[in-house]
Amino acid sequence: MACAAPRRYRLSGMGLDRISLFAFRNHLASRLDGTGHLNLLTGENGAGKTNVLEALSLLAPGRGLRRAALTEMAASGGPGGFAISADLAGEGEPVRLGTGVEAAQPGRRLVQVNGAAKSAISLGEWLAISWLTPAMDRLFAEAAGARRRYMDRLAVALDPVHAKRAVRYETALRERNRMLSAQDEPDPRWFDAIEGQLAGAGAALAQGRLSLIERLTAELAHLPDQPFARPGLAYVPGGPLDPAALARALAGNRHRDRAAQRTLIGPHRDELEVTMAGKGEPAAQCSTGEQKAMLIAMTLAHAALAAGERPGVLLLDEVAAHLDPVRRAALFERLQDGKAQTWITGTETAPFEGIAGDAVNWRVTAGEVARL
(Lines give C-alpha, C1' and ligand atoms only; values in the text may rest on other atoms or scores of the structure.)
Protein backbone atom coordinates (compact mmCIF):
# COMPACT_ATOMS: atom_id res chain seq x y z
CA MET A 1 0.00 0.00 0.00
CA ALA A 2 1.31 3.46 -0.89
CA CYS A 3 2.47 5.57 2.05
CA ALA A 4 0.76 8.84 2.89
CA ALA A 5 2.05 11.90 1.08
CA PRO A 6 4.38 14.20 3.00
CA ARG A 7 2.65 17.43 3.99
CA ARG A 8 4.59 19.56 1.54
CA TYR A 9 3.38 17.40 -1.35
CA ARG A 10 -0.31 17.54 -0.60
CA LEU A 11 -2.57 19.13 -3.16
CA SER A 12 -2.88 22.86 -2.52
CA GLY A 13 -6.08 22.92 -4.56
CA MET A 14 -8.13 20.45 -6.58
CA GLY A 15 -6.29 17.77 -8.50
CA LEU A 16 -6.31 14.09 -9.43
CA ASP A 17 -5.46 11.44 -6.85
CA ARG A 18 -6.03 7.70 -6.30
CA ILE A 19 -5.46 7.15 -10.01
CA SER A 20 -5.97 3.63 -11.35
CA LEU A 21 -5.08 2.22 -14.76
CA PHE A 22 -6.35 -1.28 -15.57
CA ALA A 23 -5.30 -3.07 -18.77
CA PHE A 24 -4.48 0.27 -20.40
CA ARG A 25 -1.61 0.11 -22.91
CA ASN A 26 1.26 -1.57 -21.03
CA HIS A 27 -0.23 -0.85 -17.60
CA LEU A 28 -2.01 -3.99 -16.43
CA ALA A 29 -2.71 -2.63 -12.96
CA SER A 30 -1.08 0.67 -11.97
CA ARG A 31 -2.14 2.88 -9.09
CA LEU A 32 -0.89 6.32 -8.09
CA ASP A 33 -1.84 7.43 -4.57
CA GLY A 34 -0.71 10.56 -2.76
CA THR A 35 -0.23 12.87 -5.73
CA GLY A 36 0.94 16.47 -5.45
CA HIS A 37 0.72 19.81 -7.17
CA LEU A 38 3.80 18.79 -9.22
CA ASN A 39 4.26 15.17 -10.28
CA LEU A 40 7.37 13.87 -12.04
CA LEU A 41 7.30 10.57 -13.95
CA THR A 42 10.72 9.23 -14.93
CA GLY A 43 11.75 6.04 -16.68
CA GLU A 44 13.35 4.62 -19.78
CA ASN A 45 11.87 5.08 -23.22
CA GLY A 46 8.96 2.70 -23.66
CA ALA A 47 8.43 2.24 -19.91
CA GLY A 48 4.91 3.69 -20.05
CA LYS A 49 5.31 7.29 -18.89
CA THR A 50 3.37 8.81 -21.77
CA ASN A 51 0.74 6.11 -21.34
CA VAL A 52 0.01 7.52 -17.87
CA LEU A 53 -0.43 11.00 -19.35
CA GLU A 54 -2.64 9.62 -22.11
CA ALA A 55 -4.81 7.91 -19.52
CA LEU A 56 -5.22 11.18 -17.62
CA SER A 57 -6.04 13.01 -20.86
CA LEU A 58 -8.98 10.65 -21.36
CA LEU A 59 -10.60 12.17 -18.28
CA ALA A 60 -11.44 15.08 -20.58
CA PRO A 61 -13.75 15.14 -23.62
CA GLY A 62 -12.17 13.98 -26.86
CA ARG A 63 -9.75 11.32 -28.01
CA GLY A 64 -6.86 12.06 -25.67
CA LEU A 65 -3.39 13.37 -26.31
CA ARG A 66 -2.52 10.71 -28.92
CA ARG A 67 -5.89 10.87 -30.72
CA ALA A 68 -5.75 7.07 -30.87
CA ALA A 69 -8.64 4.71 -31.52
CA LEU A 70 -10.11 3.07 -28.42
CA THR A 71 -9.24 -0.36 -29.79
CA GLU A 72 -5.54 0.58 -29.70
CA MET A 73 -5.57 1.39 -25.99
CA ALA A 74 -6.46 -1.98 -24.49
CA ALA A 75 -3.46 -3.92 -23.17
CA SER A 76 -2.08 -6.58 -25.48
CA GLY A 77 -2.95 -9.96 -24.04
CA GLY A 78 -5.40 -8.37 -21.61
CA PRO A 79 -9.14 -8.90 -21.24
CA GLY A 80 -9.94 -6.74 -24.27
CA GLY A 81 -11.23 -3.69 -22.46
CA PHE A 82 -9.60 -1.14 -20.16
CA ALA A 83 -10.52 1.15 -17.29
CA ILE A 84 -9.16 4.45 -15.97
CA SER A 85 -10.36 6.14 -12.81
CA ALA A 86 -9.27 8.96 -10.53
CA ASP A 87 -10.53 11.06 -7.67
CA LEU A 88 -10.89 14.78 -8.25
CA ALA A 89 -9.66 15.57 -4.77
CA GLY A 90 -9.17 18.68 -2.70
CA GLU A 91 -11.41 20.41 -0.20
CA GLY A 92 -14.66 18.56 0.44
CA GLU A 93 -15.66 15.12 -0.76
CA PRO A 94 -13.76 13.81 -3.82
CA VAL A 95 -15.52 13.24 -7.12
CA ARG A 96 -14.75 9.89 -8.75
CA LEU A 97 -14.19 10.13 -12.51
CA GLY A 98 -13.88 7.05 -14.70
CA THR A 99 -13.71 6.02 -18.33
CA GLY A 100 -12.94 2.92 -20.35
CA VAL A 101 -14.34 0.29 -22.67
CA GLU A 102 -15.78 -3.18 -22.24
CA ALA A 103 -14.39 -6.14 -24.16
CA ALA A 104 -17.80 -6.82 -25.71
CA GLN A 105 -17.93 -3.30 -27.20
CA PRO A 106 -14.31 -2.20 -27.70
CA GLY A 107 -15.26 0.79 -29.85
CA ARG A 108 -17.71 2.33 -27.39
CA ARG A 109 -16.33 4.61 -24.71
CA LEU A 110 -17.98 4.51 -21.30
CA VAL A 111 -17.84 7.35 -18.77
CA GLN A 112 -18.88 7.48 -15.14
CA VAL A 113 -19.00 10.26 -12.55
CA ASN A 114 -19.43 8.99 -8.98
CA GLY A 115 -20.59 5.66 -10.43
CA ALA A 116 -23.32 7.14 -12.64
CA ALA A 117 -23.15 6.82 -16.42
CA LYS A 118 -22.42 10.11 -18.18
CA SER A 119 -21.37 11.37 -21.60
CA ALA A 120 -17.73 11.97 -22.44
CA ILE A 121 -18.53 15.64 -23.03
CA SER A 122 -19.72 15.95 -19.41
CA LEU A 123 -16.17 15.31 -18.16
CA GLY A 124 -15.33 18.86 -19.18
CA GLU A 125 -17.73 20.17 -16.54
CA TRP A 126 -15.48 18.81 -13.78
CA LEU A 127 -11.94 19.22 -14.99
CA ALA A 128 -9.92 21.31 -17.46
CA ILE A 129 -7.03 19.32 -18.91
CA SER A 130 -4.30 20.76 -21.14
CA TRP A 131 -1.20 19.11 -22.57
CA LEU A 132 1.98 19.60 -24.54
CA THR A 133 3.63 16.66 -26.29
CA PRO A 134 6.60 16.28 -28.68
CA ALA A 135 4.16 15.57 -31.53
CA MET A 136 2.81 19.11 -31.13
CA ASP A 137 6.18 20.51 -32.18
CA ARG A 138 4.88 20.14 -35.76
CA LEU A 139 1.75 22.20 -35.07
CA PHE A 140 2.87 25.29 -36.98
CA ALA A 141 4.06 23.32 -40.03
CA GLU A 142 1.09 20.94 -40.33
CA ALA A 143 -2.07 21.51 -42.34
CA ALA A 144 -4.68 23.93 -41.00
CA GLY A 145 -6.82 21.05 -39.73
CA ALA A 146 -4.32 20.37 -36.94
CA ARG A 147 -4.57 23.97 -35.73
CA ARG A 148 -8.39 23.85 -35.84
CA ARG A 149 -8.34 20.75 -33.64
CA TYR A 150 -5.88 22.52 -31.36
CA MET A 151 -8.19 25.54 -31.02
CA ASP A 152 -11.18 23.31 -30.31
CA ARG A 153 -9.35 21.30 -27.66
CA LEU A 154 -8.29 24.46 -25.87
CA ALA A 155 -11.76 25.97 -26.23
CA VAL A 156 -13.42 22.88 -24.71
CA ALA A 157 -11.18 23.17 -21.64
CA LEU A 158 -12.54 26.69 -21.12
CA ASP A 159 -16.13 25.99 -22.18
CA PRO A 160 -17.30 22.33 -22.33
CA VAL A 161 -20.35 23.34 -24.42
CA HIS A 162 -17.94 24.05 -27.29
CA ALA A 163 -17.67 20.27 -27.84
CA LYS A 164 -21.41 20.03 -28.48
CA ARG A 165 -21.23 22.89 -30.97
CA ALA A 166 -18.45 21.10 -32.85
CA VAL A 167 -20.46 17.87 -33.00
CA ARG A 168 -23.56 19.67 -34.28
CA TYR A 169 -21.54 21.46 -36.93
CA GLU A 170 -19.77 18.31 -38.14
CA THR A 171 -23.08 16.44 -38.34
CA ALA A 172 -24.71 19.17 -40.43
CA LEU A 173 -21.59 19.53 -42.59
CA ARG A 174 -21.57 15.82 -43.44
CA GLU A 175 -25.23 15.99 -44.42
CA ARG A 176 -24.72 19.01 -46.69
CA ASN A 177 -21.69 17.40 -48.32
CA ARG A 178 -23.75 14.26 -48.93
CA MET A 179 -26.39 16.37 -50.67
CA LEU A 180 -23.74 18.18 -52.73
CA SER A 181 -22.35 14.89 -54.04
CA ALA A 182 -25.74 13.33 -54.83
CA GLN A 183 -26.30 12.45 -58.47
CA ASP A 184 -29.65 14.22 -58.59
CA GLU A 185 -29.71 17.76 -57.26
CA PRO A 186 -31.77 17.85 -54.03
CA ASP A 187 -34.78 20.09 -53.50
CA PRO A 188 -33.56 23.64 -52.62
CA ARG A 189 -35.79 23.53 -49.54
CA TRP A 190 -33.63 20.69 -48.16
CA PHE A 191 -30.59 22.87 -48.71
CA ASP A 192 -32.29 25.77 -46.92
CA ALA A 193 -33.02 23.58 -43.90
CA ILE A 194 -29.59 22.00 -43.55
CA GLU A 195 -27.82 25.30 -44.23
CA GLY A 196 -29.82 26.91 -41.44
CA GLN A 197 -28.58 24.24 -39.04
CA LEU A 198 -25.04 24.47 -40.37
CA ALA A 199 -24.97 28.27 -40.07
CA GLY A 200 -26.31 28.29 -36.52
CA ALA A 201 -23.85 25.67 -35.27
CA GLY A 202 -21.02 27.10 -37.36
CA ALA A 203 -21.40 30.64 -36.09
CA ALA A 204 -21.42 29.39 -32.49
CA LEU A 205 -18.34 27.26 -33.16
CA ALA A 206 -16.51 30.17 -34.75
CA GLN A 207 -17.40 32.52 -31.90
CA GLY A 208 -16.00 29.99 -29.44
CA ARG A 209 -12.72 29.87 -31.31
CA LEU A 210 -12.58 33.66 -31.58
CA SER A 211 -13.23 34.03 -27.85
CA LEU A 212 -10.44 31.54 -27.12
CA ILE A 213 -7.89 33.45 -29.19
CA GLU A 214 -8.92 36.78 -27.67
CA ARG A 215 -8.57 35.42 -24.14
CA LEU A 216 -5.26 33.72 -24.91
CA THR A 217 -3.93 36.94 -26.42
CA ALA A 218 -4.91 38.89 -23.31
CA GLU A 219 -3.29 36.29 -21.03
CA LEU A 220 -0.10 36.23 -23.12
CA ALA A 221 0.15 40.00 -22.80
CA HIS A 222 0.62 39.56 -19.05
CA LEU A 223 3.50 37.14 -19.43
CA PRO A 224 7.11 38.31 -19.80
CA ASP A 225 8.71 38.31 -23.24
CA GLN A 226 11.60 36.17 -22.05
CA PRO A 227 12.81 33.50 -21.82
CA PHE A 228 9.83 32.14 -23.78
CA ALA A 229 9.10 33.93 -27.04
CA ARG A 230 5.71 35.61 -26.97
CA PRO A 231 3.51 34.48 -29.86
CA GLY A 232 1.10 36.74 -31.68
CA LEU A 233 -2.19 34.98 -32.42
CA ALA A 234 -4.75 35.74 -35.12
CA TYR A 235 -7.97 33.87 -35.77
CA VAL A 236 -8.81 33.80 -39.49
CA PRO A 237 -12.43 32.72 -40.03
CA GLY A 238 -13.36 30.53 -42.99
CA GLY A 239 -16.70 32.26 -43.40
CA PRO A 240 -18.98 34.93 -41.91
CA LEU A 241 -19.27 34.90 -38.11
CA ASP A 242 -22.94 35.95 -38.12
CA PRO A 243 -25.33 32.98 -38.57
CA ALA A 244 -27.61 34.82 -41.00
CA ALA A 245 -24.66 35.98 -43.09
CA LEU A 246 -23.18 32.49 -43.10
CA ALA A 247 -26.51 30.99 -44.22
CA ARG A 248 -26.66 33.49 -47.11
CA ALA A 249 -23.06 32.74 -48.07
CA LEU A 250 -23.74 28.99 -48.11
CA ALA A 251 -26.84 29.46 -50.26
CA GLY A 252 -24.96 31.70 -52.67
CA ASN A 253 -22.11 29.20 -52.97
CA ARG A 254 -24.20 26.10 -53.76
CA HIS A 255 -23.26 25.94 -57.44
CA ARG A 256 -19.53 26.16 -56.72
CA ASP A 257 -19.79 23.75 -53.82
CA ARG A 258 -21.72 21.23 -55.91
CA ALA A 259 -18.99 21.34 -58.55
CA ALA A 260 -16.42 20.62 -55.85
CA GLN A 261 -18.78 18.15 -54.11
CA ARG A 262 -17.95 19.65 -50.74
CA THR A 263 -18.62 22.78 -48.71
CA LEU A 264 -15.93 25.39 -49.39
CA ILE A 265 -16.79 28.01 -46.76
CA GLY A 266 -17.40 27.81 -43.04
CA PRO A 267 -15.53 27.13 -39.78
CA HIS A 268 -14.04 23.93 -41.20
CA ARG A 269 -11.87 26.30 -43.24
CA ASP A 270 -10.74 28.38 -40.24
CA GLU A 271 -7.06 29.06 -39.64
CA LEU A 272 -4.95 30.03 -36.65
CA GLU A 273 -2.06 32.27 -37.64
CA VAL A 274 0.85 32.46 -35.21
CA THR A 275 3.74 34.89 -35.48
CA MET A 276 6.68 35.58 -33.22
CA ALA A 277 6.06 38.91 -31.55
CA GLY A 278 8.87 41.38 -32.01
CA LYS A 279 10.06 39.72 -35.22
CA GLY A 280 6.74 39.52 -37.01
CA GLU A 281 7.88 36.24 -38.52
CA PRO A 282 5.40 33.39 -39.10
CA ALA A 283 5.87 30.63 -36.54
CA ALA A 284 6.39 28.05 -39.28
CA GLN A 285 9.50 29.95 -40.41
CA CYS A 286 11.00 30.33 -36.93
CA SER A 287 13.68 28.09 -35.52
CA THR A 288 12.77 24.86 -33.75
CA GLY A 289 13.72 26.40 -30.42
CA GLU A 290 11.61 29.49 -31.03
CA GLN A 291 8.62 27.35 -32.02
CA LYS A 292 8.99 25.27 -28.87
CA ALA A 293 9.23 28.40 -26.74
CA MET A 294 6.05 29.81 -28.31
CA LEU A 295 4.20 26.55 -27.75
CA ILE A 296 5.22 26.56 -24.10
CA ALA A 297 4.07 30.17 -23.73
CA MET A 298 0.70 29.30 -25.26
CA THR A 299 0.36 26.20 -23.08
CA LEU A 300 1.13 28.11 -19.88
CA ALA A 301 -1.27 30.90 -20.82
CA HIS A 302 -4.05 28.43 -21.55
CA ALA A 303 -3.39 26.49 -18.34
CA ALA A 304 -3.74 29.73 -16.38
CA LEU A 305 -7.08 30.46 -18.06
CA ALA A 306 -8.37 26.91 -17.70
CA ALA A 307 -7.46 26.62 -14.02
CA GLY A 308 -9.51 29.72 -13.36
CA GLU A 309 -12.63 28.06 -14.76
CA ARG A 310 -12.43 24.59 -13.14
CA PRO A 311 -9.78 22.45 -11.47
CA GLY A 312 -6.90 22.27 -13.95
CA VAL A 313 -4.47 19.52 -14.89
CA LEU A 314 -1.47 20.16 -17.13
CA LEU A 315 0.31 17.26 -18.86
CA LEU A 316 3.84 17.92 -20.14
CA ASP A 317 5.49 15.06 -22.03
CA GLU A 318 9.29 15.33 -22.34
CA VAL A 319 8.98 19.11 -22.17
CA ALA A 320 12.43 19.68 -20.62
CA ALA A 321 14.37 17.56 -23.11
CA HIS A 322 15.35 20.42 -25.44
CA LEU A 323 15.25 23.40 -23.08
CA ASP A 324 18.39 25.21 -21.95
CA PRO A 325 18.90 25.64 -18.19
CA VAL A 326 17.53 29.20 -18.16
CA ARG A 327 14.27 28.27 -19.87
CA ARG A 328 13.99 25.11 -17.81
CA ALA A 329 14.27 27.08 -14.57
CA ALA A 330 11.71 29.63 -15.79
CA LEU A 331 9.30 26.86 -16.73
CA PHE A 332 9.59 25.18 -13.35
CA GLU A 333 9.05 28.48 -11.55
CA ARG A 334 5.82 29.12 -13.46
CA LEU A 335 4.59 25.59 -12.86
CA GLN A 336 5.24 25.93 -9.13
CA ASP A 337 3.33 29.22 -9.04
CA GLY A 338 0.51 28.02 -11.30
CA LYS A 339 -2.87 26.73 -10.16
CA ALA A 340 -2.94 23.60 -12.32
CA GLN A 341 -1.81 20.23 -11.04
CA THR A 342 1.10 19.31 -13.32
CA TRP A 343 2.41 15.98 -14.58
CA ILE A 344 5.83 15.94 -16.25
CA THR A 345 7.71 13.06 -17.89
CA GLY A 346 11.43 12.57 -18.47
CA THR A 347 13.91 9.77 -19.00
CA GLU A 348 16.15 10.89 -16.14
CA THR A 349 15.94 13.04 -13.04
CA ALA A 350 18.93 15.35 -13.66
CA PRO A 351 17.04 17.97 -15.74
CA PHE A 352 14.44 18.27 -12.95
CA GLU A 353 16.72 19.05 -10.02
CA GLY A 354 15.06 22.46 -9.74
CA ILE A 355 11.74 20.91 -8.68
CA ALA A 356 12.91 17.61 -7.20
CA GLY A 357 12.20 18.78 -3.65
CA ASP A 358 8.73 20.10 -4.49
CA ALA A 359 7.47 17.31 -6.76
CA VAL A 360 6.11 13.88 -6.04
CA ASN A 361 8.47 11.56 -7.88
CA TRP A 362 7.26 8.42 -9.63
CA ARG A 363 9.40 5.77 -11.32
CA VAL A 364 7.81 4.01 -14.29
CA THR A 365 9.27 0.62 -15.22
CA ALA A 366 7.73 -1.74 -17.78
CA GLY A 367 4.19 -0.62 -17.15
CA GLU A 368 4.50 -0.40 -13.37
CA VAL A 369 4.54 2.82 -11.35
CA ALA A 370 6.29 3.16 -8.01
CA ARG A 371 6.50 6.22 -5.85
CA LEU A 372 10.05 7.18 -4.86
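Residues that are surrounded by fewer than 17 Cβ atoms within 10 Å (Cβ to Cβ) and not charged (D, E, K, R) within segment 123-135 comprise 134, 135, listed in sequence order.
Of the residues that make up segment 284-307, is at least one part of a loop (DSSP other than H, G, I, E, B), in contact with a Gly (Cβ under 9 Å, 6 or more places away or on another chain), under 24 Å from residue 156 (Cβ atoms) and modelled with pLDDT under 90? Within segment 284-307 (the criterion being part of a loop (DSSP other than H, G, I, E, B), in contact with a Gly (Cβ under 9 Å, 6 or more places away or on another chain), under 24 Å from residue 156 (Cβ atoms) and modelled with pLDDT under 90), the answer is no, since none of the residues qualifies. The number of residues in segment 9-68 that are within 20 Å of residue 365 (Cα to Cα) and assigned to a loop (DSSP other than H, G, I, E, B) comes to 11.
Can you pull out the strands (runs of 3 or more DSSP E) entirely within segment 74-120 that have at least 2 residues that are touching a residue at least 60 places away in the same chain (Cβ under 8 Å) and in contact with a Gly (Cβ under 6 Å, 6 or more places away or on another chain)? Please lay out each step first, then the result.
Details: elements: 82-89, 95-102, 105-113, 116-118.
The strands (runs of 3 or more DSSP E) meeting that bar are 82-89.
Scanning segment 246-257 for residues that are touching a residue at least 24 places away in the same chain (Cβ under 8 Å) and surrounded by fewer than 17 Cβ atoms within 10 Å (Cβ to Cβ) gives a single hit, 251. Filtering segment 263-281 to residues that are touching a residue at least 40 places away in the same chain (Cβ under 8 Å), farther than 30 Å from residue 167 by Cα and not in a loop (DSSP other than H, G, I, E, B) leaves only 276. Taking residues in segment 283-307 that are closer than 19 Å to residue 37 by Cβ, and partners anywhere that are aromatic (Phe, Trp, Tyr) and modelled with pLDDT of 90 or more, the pairs with Cβ atoms closer than 9 Å and at least 6 places apart or on different chains are 299/131.
I want to confirm something. Restricting to segment 313-372 and keeping residues that are assigned to a strand (DSSP E or B) and among the polar types (S, T, N, Q), which single residue is farthest from the chain's Cα centre (by Cα)?
Residue satisfying both the conditions and the ranking: 365.
Filter segment 210-232 down to residues that are among the acidic types (Asp, Glu) and within 21 Å of residue 157 (Cα to Cα) and give me whichever is surrounded by the fewest Cβ atoms within 10 Å (Cβ to Cβ). Even if it seems obvious, please write down each step before you answer.
Of the residues in segment 210-232, the ones among the acidic types (Asp, Glu) are 214, 219, 225.
In the following step, the residues that additionally are within 21 Å of residue 157 (Cα to Cα) were identified as 214, 219.
Values: 214: 12, 219: 18.
Going through the qualifying residues, I end up with 214.
Here residue 71 passes the criteria (1) surrounded by 19 or more Cβ atoms within 10 Å (Cβ to Cβ); (2) more than 30 Å from residue 322 (Cα to Cα) except the one numbered (1).
If you filter segment 136-147 down to residues that are free of Cβ contacts under 8 Å to residues at least 40 places away in the same chain and surrounded by 14 or more Cβ atoms within 10 Å (Cβ to Cβ), you find that the one that is farthest from residue 335 (Cα to Cα) is 142. Looking at (1) of a type outside the set (Gly, Ala, Ser); (2) more than 19 Å from residue 21 (Cβ to Cβ); (3) surrounded by 13 or more Cβ atoms within 10 Å (Cβ to Cβ), which is the only condition residue 93 fails? Failing condition for residue 93: (3). Applying the criterion of being hydroxyl-bearing (Ser, Thr, Tyr) and under 16 Å from the mean Cα position of the chain (by Cα) to the residues of segment 79-135, the residue that is modelled with the highest pLDDT is 133.
Among the residues of segment 233-245, write down those that are farther than 20 Å from residue 169 by Cβ and surrounded by 18 or more Cβ atoms within 10 Å (Cβ to Cβ).
Scanning segment 233-245 gives a single hit, 233.
The residues of segment 232-262 that are part of a loop (DSSP other than H, G, I, E, B) and either in contact with a Gly (Cβ under 8 Å, 6 or more places away or on another chain) or among the polar types (S, T, N, Q) (or both), listed by number, are 238, 239, 253, 261. The residue list 38, 21 contains one member that is within 22 Å of residue 307 (Cα to Cα), in contact (Cβ under 8 Å) with a residue 40 or more places away in the chain and out of contact with any Pro (no Cβ under 7 Å at 6 or more places or on another chain), which is 38. Against the criterion of being modelled with pLDDT of 90 or more, of a type outside the set (Phe, Trp, Tyr) and buried (at least 22 other Cβ atoms within 10 Å of the Cβ), residue 342 qualifies.
Here residue 243 passes the criteria (1) over 19 Å from the mean Cα position of the chain (by Cα); (2) more than 28 Å from residue 164 (Cα to Cα) except the one numbered (2).
Residue under question is residue 189, and the condition is that it be surrounded by fewer than 21 Cβ atoms within 10 Å (Cβ to Cβ), under 15 Å from the mean Cα position of the chain (by Cα) and on the phi < 0 side of the Ramachandran plot; does it hold?
Details: surrounded by fewer than 21 Cβ atoms within 10 Å (Cβ to Cβ): yes; under 15 Å from the mean Cα position of the chain (by Cα): no; on the phi < 0 side of the Ramachandran plot: yes.
Against the criterion (surrounded by fewer than 21 Cβ atoms within 10 Å (Cβ to Cβ), under 15 Å from the mean Cα position of the chain (by Cα) and on the phi < 0 side of the Ramachandran plot), residue 189 does not qualify.
The values are calculated or read from the model by the stated rules, or taken from the named source; none is laboratory data. In this text the structure is predicted, and so the values were computed from the model without any measurement. FYI the Cβ positions are ideal-geometry reconstructions off the backbone, even for glycines, and counts take in every protein chain you see.
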